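Q: Submitted below is the structure of interest, expressed as structure tokens.
The values are calculated or read from the model by the stated rules, or taken from the named source; none is laboratory data. Please read all numbers here as calculations on a predicted model, not as lab measurements. Positions of Cβ are generated from backbone atoms using ideal geometry, with glycine treated the same way; all protein chains shown enter the neighbour counts. Heads up: the accessible areas ignore ligands, DNA and RNA and are worked out on the full protein's heavy atoms, side chains in. Shrake-Rupley method; radii C 1.70, N 1.55, O 1.52, S 1.80 Å.
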Amino acid sequence: MAKLPSVTNDSLTSAADYVEIDLTYTDNVAIQVTGTFTGTITFQASNNGTDFVSTTVRASTQTATATEVTTTTGVGMFYLSNAHPQLLRVTMTAFTSGTAVVDVFTSSIQR
């Protein structure tokens with residue numbers, strides 16, 4: 001089953017705000033965080049839809065080695081590996097001010 005590429009876009013403007021994405025049938029996941037904010041965003045995963053835990057994503061860098069992180073306090077591009085959970089949450093776990101804009105691009109390889 002092929003899934004067309006899709007983009008999920010939302011804003012995080014307070015503590016506990018999150019964007020949740022169903023990754024079923026998805027091979028590729030890219031997360032872009034933009035905006036101006038002071039806070040901490042945590043990447044979380046779940047396979048049962050109830051219990052979410054921190055998960056590692058690769059932060060895009062200008063070097064050959066990408067940095068693995070579970071949180072970010074700034075803007076950037078982040079990628080999940082091909083072996084990923086059913087659900088992904090991008091959650092504002094600490095918030096002081098501003099707006100973080102989260103765009104998640106997903107696609108799959110035709111099977």
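Q: Thr96 - would you say it is modelled with pLDDT of 95 or more, open to solvent by 50 Å² or more (accessible area, probe 1.4 Å) and either in contact with a Leu (Cβ under 9 Å, 6 or more places away or on another chain) or not in a loop (DSSP other than H, G, I, E, B) (or both)? If you could, list the steps in order and put the result at the bottom.
A: Details: modelled with pLDDT of 95 or more: yes; open to solvent by 50 Å² or more (accessible area, probe 1.4 Å): yes; either in contact with a Leu (Cβ under 9 Å, 6 or more places away or on another chain) or not in a loop (DSSP other than H, G, I, E, B) (or both): yes.
Criteria met by Thr96.
Q: Regarding region 84-91, can at least one residue be identified that is open to solvent by 40 Å² or more (accessible area, probe 1.4 Å) and over 17 Å from Val7 (Cα atoms)? Break it down into steps so the answer makes sense when it comes.
A: Taking region 84-91 as the starting set, the residues that turn out to be open to solvent by 40 Å² or more (accessible area, probe 1.4 Å) are 84, 86, 89.
Narrowing the set further to residues that are over 17 Å from Val7 (Cα atoms) leaves 84.
Checked region 84-91: at least one residue is open to solvent by 40 Å² or more (accessible area, probe 1.4 Å) and over 17 Å from Val7 (Cα atoms).
Q: Looking only at region 61-92, how many residues end up being farther than 12 Å from Ile21 by Cβ, in contact with a Ser or Thr (Cβ under 9 Å, 6 or more places away or on another chain) and outside any strand (DSSP E or B)?
A: Here the count works out to 6.
Q: Against the definition (free of Cβ contacts under 8 Å to residues at least 12 places away in the same chain and either of a type in the set (D, E, K, R) or over 15 Å from Val29 (Cβ atoms) (or both)), how does Thr73 come out, yes or no?
A: No: the conditions fail for Thr73.
Q: Please go through region 32-83 and pick out each residue that is surrounded by 12 or more Cβ atoms within 10 Å (Cβ to Cβ), among the hydrophobic types (A, V, I, L, M, F, W, C) and over 20 Å from Ala94 (Cα atoms).
A: Once the filter is applied, which keeps residues that are surrounded by 12 or more Cβ atoms within 10 Å (Cβ to Cβ), among the hydrophobic types (A, V, I, L, M, F, W, C) and over 20 Å from Ala94 (Cα atoms), region 32-83 yields Ala66, Leu80.
Q: Please give the strands (runs of 3 or more DSSP E) falling wholly within region 1-59 in which 3 or more residues are more than 19 Å from Thr106 (Cβ to Cβ) and touching a residue at least 60 places away in the same chain (Cβ under 8 Å). Give the derivation first.
A: Numbers: elements: 6-12, 18-22, 28-46, 57-59.
Result: 28-46.
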